[in-house]
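Coordinate-derived values only; no laboratory data. Keep in mind the model is a prediction, meaning the values are calculated, not measured. Glycine gets a Cβ as well: all are built from the backbone with ideal geometry, and neighbour counts include every protein chain shown.
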Amino acid sequence: MSRIGRMPIAIPAGVTVVVAENNKVTVKGPKGTLERVLPAEMEIKVEGTEVVVTRPNDLKKMKSLHGLTRTLIANMVKGVTDGFEKVLEINGVGYRVQKQGKKLNFSLGYSHPVEVEDPEGLTSEVEGQNKIIIKGIDKEKVGQYAANLRELRGPEPYKGKGIKYADETIRRKVGKTGKK
């Protein structure tokens with residue numbers, strides 16, 4: 001049995017989980033509502049204050065879908081109760097970010113400023129000039145938006161300049177050495 005898949009998901013107070021046909025799961029909570037169609041092979045049951053996911057057989061595909069389905073539902077429940085956040089840091093001389101309405105305005109050493117608008121359902125905050133906090137209820141959207149921002153100017157290995165996740169460590173390289 002999948003160790004992750006067999007764990008029941010606790011439903012906190014104030015959260016409702018509804019499973020419709022074709023395994024369309026709707027989770028409503030204090031922060032909003034999330035909907036997702038999950039693999040039809042999995043059996044999702046709401047039992048009291050828990051959600052239980054079971055699989056029909058022990059084929060390799062079913063085993064992998066089992067843990068995935070359970071984790072996706074758990075992330076939806078966590079999203080509508082606490083929400084998710086990613087923190088990005090900008091390193092480098094002259095690299096900075098400013099928030100203007102729903103837009104982030106970056107200056108990243110290019111000949112032009114880079115403007116990025118917050119996607120639907122996500123908010124971004126700027127602390128100082130080099131820290132961005134992205135918040136939302138959908139873990140996938142928060143992670144994708146953070147990855148898109150990091151891609152604007154990924155960290156380079158020599159001086160560590162660029163946009164990186166706050167918990168990311170950059171593997172540094174030694175620079176050139178002169179002739180003697």
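Calculate the dipole size of the stretch 9-81 relative to its Cα centre from +1 charges on Lys and Arg beta carbons and -1 charges on Asp and Glu beta carbons; express the result in debye to the nearest 20.
Using only the charged Cβ atoms, the result is roughly 260 debye.
What does the charge count around Asn57 come to, taking other residues whose C-beta lies under 13 Å from its C-beta (Lys +1, Arg +1, Asp -1, Glu -1)?
Surrounding charge for Asn57 is +1.
Using Cα-Cα distances under 8 Å and only pairs 6 or more residues apart, what relative contact order does the stretch 9-81 have, in percent?
33
On a 0 to 90° scale, report how tilted helix 139-152 is relative to the longest principal axis of the chain, with both axes built from alpha carbons and the result rounded to the nearest 10.
Between helix and principal axis, roughly 20 degrees.
Report the per residue volume, in Å³, of the convex hull enclosing the C-alpha atoms of the stretch 84-165.
Hull volume normalised by residue count: 81 Å³.
In deg cm²/dmol, rounded to 500, what helix-only [θ] at 222 nm does the chain give when every DSSP H run of at least 4 residues adds -39500 (n - 2.57) and the total is split over its residues?
-7000 deg cm²/dmol
Tilt of helix 60-81 relative to the longest C-alpha principal axis of the chain, in degrees (0 to 90, nearest 10)?
Here the helix axis deviates by roughly 70 degrees.
Which whole number in µm²/s is D for the chain by Stokes-Einstein, with the Kirkwood Rh taken over Cα pairs at 25 °C and 0.890 mPa s?
Using the Kirkwood radius from Cα pairs, D works out to 130 µm²/s.
Taking Cα pairs under 8 Å and at least six residues apart, what relative contact order does the stretch 12-144 come out at, in percent?
Once divided by the residue count of the stretch 12-144, the mean separation gives 20 percent.
Can you count the Lys pairs in the stretch 1-62 with C-alpha separation below 21 Å, eight or more apart or on different chains?
4
State the extension gain, in nm to one decimal, for the chain segment bounded by Met7 and Gln129, taking 0.36 nm per residue of separation less the distance between their alpha-carbons.
Length difference between fully extended and current span is 39.7 nm.
What chymotrypsin sites (Phe, Trp or Tyr not before Pro) in the stretch 52-118 are in a loop by DSSP, with at most 10 other Cβ atoms within 10 Å of the Cβ?
The qualifying sites are Tyr110.
Please give, to one decimal in nm, the separation of the simple spin-label points placed at Lys173 and Thr16, each 7 Å out from Cα toward the Cβ.
5.6
Equivalent-ellipsoid semi-axes (√(5λ), Cα gyration tensor) for the stretch 9-81, whole Å, largest first?
After diagonalising the Cα gyration tensor, the semi-axes are 22, 11, 11 Å.
What is the gain in length, in nm to one decimal, between Asn148 and Thr54 on full extension, counting 0.36 nm per residue of separation less the C-alpha to C-alpha distance?
Here the segment from Asn148 to Thr54 would lengthen by 30.3 nm.
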